[in-house]
Amino acid sequence: MVSNQFFVKQGPFSLKKIINLINSSSDVVEDKKIMIADIKDLYNASKNDITFLNSKKYKESSLKTNATACITSSNFANLLPKKCIKLYVKNVLLAVTQVSKIFYPSADIDYPDQNLIDATNLKKKYPSVLFGKNVLIGKNVSIGKNSRIGSNTIIESHVKIGKNCFLGSFVMIKNSQISDNVLIQDGCKIGIKGFGFIPNSKKNIRTPHTGKVMLHDGVELGANCTIDRGSLSNTIIGENTFLDNQVHVAHNVKIGKNCMIAGQVGFAGSSTLGDNVIIGGQAGVSGHLKIGNNVKIGGGSGVVNDLPNNSQVMGYPAIPIREFAKLRKKIWKIIQ
């Protein structure tokens, strides 16, 4: 089992303890000594892990999951393998938060790294890396040859950075793995906790985020981009994808290769983009969507539905560009 390098995991915990914690109904025999080692997403869960399912959109992964148990509702029971123990609850995401908190009690807030050292004291460790002024580095950080790190940048513990990377000034990186030839401009915040919480009339409940950010070879991030780490899975930006200034990528978003994302675009959590996607400035992509390959999204658009390969859309809600042009003509005639 691969351990989480960024967060200390507690446990294992008995399934009986988890059932009692989330007030679940289940057909499992409670005196059976089943131990749960970790909580993971449907795709990555293995034997002795617990996972969750709250949407039929994830049918493909749910039917193949290897998890011992799954937090879900009775509506989705037929979307899980027979051997998987179903834990039925009224509020799936609340139950997931409760379980995540016992495994990862320190992952719901980004606590300051207490192991930071000034880079001037680490020249022997990174002889081929060029550091600016006031750079702070955590423990077990890996930085490849010929990389450059700008002034006032912080790289927290266990982060991995590849060869020939360029990081600007005032960059913050945590909970991340960065490949070779990546360019990160000034002010970017990478690997921070995303906007994960359970709404409550008395007090909102924070959800732990235990995933990481993965930037593949040749990625470029413009100034002041914010890339949230994953909740249970990872946030991934594919090879040679470029983001303009002030782009926000939420938790669990996966962006393919060779994409071009213009300034101030925002992605809600858990959406997936294919390769060669082009998005104009100030567009927004809603959560849990699937955007195909070679898709073009016009500036200022609001994408609220899945888009197949080769789509070209614009407007809010985003519709095919030809339909948008016709609609615009009709509206223009009316207001003349």
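Using 0.36 nm per residue and subtracting the Cα-Cα separation, the extra length available between Ser151 and Met260 on full extension is 36.5 nm. Is the C-alpha gyration tensor of the stretch 13-103 telling us rounded, prolate or oblate? Criteria: a/c under 1.5 is rounded; beyond that, a/b larger than b/c is prolate, otherwise oblate. The shape class here is rounded.
When both bridge partners sit in the stretch 117-323, DSSP labels roughly 10% of those beta bridges antiparallel. For the set Lys40/Lys64; Lys64/Lys86; Lys56/Lys203; Lys123/Lys145, the pairs lying more than 19 angstrom apart at their alpha carbons are Lys56/Lys203.
Mean Kyte-Doolittle hydropathy of 0.0 or higher plus an axial Cα length of 18 Å or more: which whole DSSP H helices in the chain meet both?
Flagged H segments: there are none.
Among the listed values [x] 28, 52, 13, 5, 2, 0; [y] 25, 49, 22, 3, 0; [z] 29, 52, 19, 1, the one matching P(r) over Cα pairs in 20 Å bins from 0, in percent as calculated from this structure is [z]. Straightening the chain between Lys9 and Ile334 buys 110.8 nm, computed as 0.36 nm per residue apart minus the Cα-Cα spacing. Cβ crowding within 10 Å ranks Tyr111, Tyr316 as Tyr111, Tyr316, fewest other Cβ atoms first. For the residue pairs Lys189/Lys257; Lys33/Lys193; Lys83/Lys160; Lys202/Lys254; Lys257/Lys330; Lys59/Lys202, the alpha carbons lie more than 31 Å apart in Lys33/Lys193; Lys83/Lys160; Lys202/Lys254; Lys257/Lys330; Lys59/Lys202.
Beta carbons within 10 angstrom, averaged per residue: use that to sort the peptides 120-127, 187-194, highest first.
Ranking, from highest mean packing down: 187-194, 120-127.
Set the Förster radius R0 to 30 Å, insert the Cβ-Cβ distance between Asn294 and Ser61 as r into 1/(1 + (r/R0)^6), and round the FRET efficiency to 0.05. About 0.80, to the nearest 0.05. What FRET efficiency, computed as 1/(1 + (r/R0)^6) with R0 = 22 Å and r the Cβ-Cβ distance, is obtained for Ile117 and Arg206, rounded to the nearest 0.05? The value I calculate is 0.15. Highest mean packing comes first when the peptides 320-330, 73-83 are listed by Cβ atoms within 10 Å, giving 73-83, 320-330.
In this structure the amide hydrogen of Ile184, modeled in the peptide plane, comes within under 5 Å of the amide hydrogens of Phe166, Leu167, Gly168, Leu221, none closer than 5 places in sequence on its chain. May I ask you to list the aspartates and glutamates whose Cα is less than 20 Å away from that of Lys212, ignoring any residue fewer than eight positions away on the same chain? Reachable aspartates and glutamates: Asp38, Asp41, Asp49, Asp108, Asp110, Asp113, Glu156, Asp180, Glu220, Asp228, Glu239.
FYI, it's all coordinate maths here, none of it is from the lab. Keep in mind that this is a model prediction, so the values were computed, not measured. Glycine also receives a Cβ, built like all others from the backbone with ideal geometry; neighbour counts cover every protein chain displayed.
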